[in-house]
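Please read the structure below before turning to the comments.
The values are calculated or read from the model by the stated rules, or taken from the named source; none is laboratory data. Predicted model only: the values in this text are computed from it and were never measured. Neighbour counts run over all protein chains shown; Cβ positions are idealised from the backbone, glycine included.
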Amino acid sequence: MMTNLFSVFDPSSSIFNLSLNWLSTFLGILMIPSLYWLIPSRYNFIWNQIMMTLHKEFKTLLGPTGHNGSTFIFISLFSMILFNNFMGLFPYIFTSTSHLTLTLALALPLWLCFMIYGWINHTQHMFAHLVPQGTPAILMPFMVCIETISNVIRPGTLAVRLSANMIAGHLLMTLLGNTGSSLSYMMVMLLIIGQIALLILESAVAIIQSYVFAVLSTLYSSEVN
């Protein structure tokens, strides 16, 4: 039996004598995007700066004929490869970018899409790309063959460059690390310093390779516009 009509307004839900009903006062904040009520962290600020810099650079590479929003494809590609490269530097984490299965799966569809789009929509422009400007008439057949081969091997070079760089550094670190048990105390100290230097180098390689992959993909897409 209801003792008091107004008892429904009492904050009855509680844990450790702390009333939880008052939390409903702040529930509205959760419906507002955090951008408007939270100060962005330094990490967030740095990442936004990197993304904006990449956006401007890719926009410049694509030129005025590039489609709006196409830079987001290459920024997403850069982010994915970068995170995978860095995750592979941690112990016992599988480095997916060191396998051609992943790198070819990224490079081949991109290149294929660019080629299909270019040959369907800009056929004359694509034919013109096969013969560089100022080529003598006698060398034109050879230039067409060379340009065609260089165009066809592009996804392969993109994929192999990334996977080979990831394999090389990791392999060197593993080989050096396995020799540690048979070395003297002084040599182990030198080995640790060398491994730290290699780890810094691999971190730089992880950033550079993801950037190179994204930039070359952007350049390949700008050629078909």
What are the pairs with Cβ atoms under 6 angstrom where one residue, in region 146-160, is touching a residue at least 60 places away in the same chain (Cβ under 8 Å) and the other, located anywhere, is part of a helix (DSSP H, G or I) and of a type outside the set (S, T, N, Q)? Sequence gap at least six, or different chains. ARG154/TRP111
Considering only residues that are at pLDDT 85 or above and not in a helix (DSSP H, G or I), look in region 93-139 and name the one that is farthest from MET173 (Cα to Cα). HIS99
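Could you tell me whether any residue of region 153-170 is in a helix (DSSP H, G or I) and loosely packed, with under 12 Cβ neighbours inside 10 Å?
Start the filter on region 153-170 by keeping residues that are in a helix (DSSP H, G or I), which leaves 154-170.
Subsequent filtering for residues that are loosely packed, with under 12 Cβ neighbours inside 10 Å retains none.
Within region 153-170, none of the residues are in a helix (DSSP H, G or I) and loosely packed, with under 12 Cβ neighbours inside 10 Å.
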I'd like the residue in region 183-199 that is under 29 Å from the mean Cα position of the chain (by Cα) and among the small types (Gly, Ala, Ser) and, out of all such residues, is nearest to LEU89 (Cα to Cα). ALA197
Take LEU216 and decide whether it is farther than 30 Å from TRP111 by Cβ, in contact (Cβ under 8 Å) with a residue 12 or more places away in the chain and within 22 Å of the chain's Cα centre (by Cα). no
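Taking region 54-67 as the region of interest, how many residues are hydroxyl-bearing (Ser, Thr, Tyr) and surrounded by 11 or more Cβ atoms within 10 Å (Cβ to Cβ)? Break it down stepwise before answering.
Here is the first cut: in region 54-67, the residues hydroxyl-bearing (Ser, Thr, Tyr) are 60, 65.
Imposing the further condition that a residue be surrounded by 11 or more Cβ atoms within 10 Å (Cβ to Cβ) reduces the set to 60.
Total meeting the criteria: 1.
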